[in-house]
Amino acid sequence: MEERVEKTIKSLQEHGFKAVYVKDREEAKNLILEMAKGFHTVGVGGTSTVRATGVLEALKKQGYEVLDHWTEKDPAKILEIRKAQMTSDVFLTGSNAVTMTGELVNREGAGNRTNAMTFGPKKVIVVAGINKIVEDVPAGLDRIKKIAAPKRTRELNMQTPCAEKGVCCDCNSPQRICRITIVHERKPMLTDVTIIIVGEELGN
């Protein structure tokens, strides 16, 4: 695993990303708090990885405005927060997969997370557990189909074939969450992106 992490970070750096390794979620939280200094608004995508670090609670205690649509139930308010995330000072998110060849692979339903990862926020911080490291882009897409998407649909109690069967069926379900796929082949031109690899298994 150590060799996989080193290769992944080296490849990400060669592709223009800032990439670092931390040993656990506590170290990740402290690093994010340090990186957020001097900013005001912090958006957070639909990510259990970031939430597992406890950084959102810490940011709120320190007076940051945290834009988290998971805290709302009103659809109009949720949409408003999702839009605001795309122009936040800092955007925190996970990644469905991080490749050893230096790419980020993500798939989602609405597009707010993938949009904000690409353009808008002043700083993007991607947090990924070692379980998200894969060989290459095809392996990243495969991970989404076999692991990330089925787990997420079950968490959301979605009525989709993958929630029932545990693997992607390329469905046309109204509740399908796999609608947009992006691959960061290189760091976006106008976006500061830091990827934090955590030495724990985190997220789906």
Qualifying residues in segment 28-55 (those that are of a type in the set (D, E, K, R) and closer than 26 Å to GLU155 by Cβ) - the one nearest to the chain's Cα centre (by Cα): ARG51
Neighbours by Cβ (under 8 Å, 6+ apart or cross-chain): first from segment 21-49, under 22 Å from THR118 (Cα atoms) and free of Cβ contacts under 8 Å to residues at least 40 places away in the same chain; second of a type outside the set (Lys, Arg) and surrounded by 14 or more Cβ atoms within 10 Å (Cβ to Cβ): LEU33/VAL55; LEU33/ALA58; LEU33/LEU59
Yes/no for GLY63 being without any contact (Cβ under 8 Å) to a residue 12 or more places away in the chain and over 26 Å from ILE177 (Cβ atoms): yes
Selected residue (criterion: surrounded by the most Cβ atoms within 10 Å (Cβ to Cβ)) from residues of segment 127-175 that are part of a loop (DSSP other than H, G, I, E, B), aliphatic (A, V, I, L, M) and out of contact with any helix residue (DSSP H, G or I) (no Cβ under 7 Å at 6 or more places or on another chain): MET158
Check on ALA139, among the small types (Gly, Ala, Ser) and farther than 20 Å from PRO188 by Cα: yes
Sole residue being under 17 Å from HIS15 (Cα atoms) and among the basic types (Lys, Arg), chosen from ARG179, ARG186, ARG154: ARG186
Matching residues in segment 46-69 - criterion: being under 16 Å from GLY111 (Cα atoms) and either among the hydroxyl-bearing types (Ser, Thr, Tyr) or modelled with pLDDT under 95 (or both): GLY46, THR47
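So, SER95, is that one more than 25 Å from GLU3 (Cα to Cα) and either within 10 Å of the chain's Cα centre (by Cα) or not charged (D, E, K, R) (or both) or not?
In short, no.
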Condition broken by VAL183, with the remaining ones in (1) at pLDDT below 95; (2) outside any loop (DSSP other than H, G, I, E, B) satisfied: (1)
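Please report, ordered by residue number, the helices (runs of 4 or more DSSP H) entirely within segment 8-121 with at least 3 residues that are surrounded by fewer than 19 Cβ atoms within 10 Å (Cβ to Cβ).
Those helices (runs of 4 or more DSSP H) span 25-35, 55-61, 75-85.
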Residues being closer than 19 Å to LEU141 by Cβ and out of contact with any Phe, Trp or Tyr (no Cβ under 9 Å at 6 or more places or on another chain) - total across segment 174-198: 9
Segment 132-145 residues that are touching a residue at least 24 places away in the same chain (Cβ under 8 Å), paired with ones that are of a type in the set (S, T, N, Q) and surrounded by fewer than 22 Cβ atoms within 10 Å (Cβ to Cβ) (beta carbon under 7 Å, 6 or more apart): ASP136/THR101
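The values are calculated or read from the model by the stated rules, or taken from the named source; none is laboratory data. Source: prediction; values computed, not measured. Please note: Cβ atoms are built from the backbone with ideal geometry, for glycine as well, and neighbour counts cover all protein chains shown.
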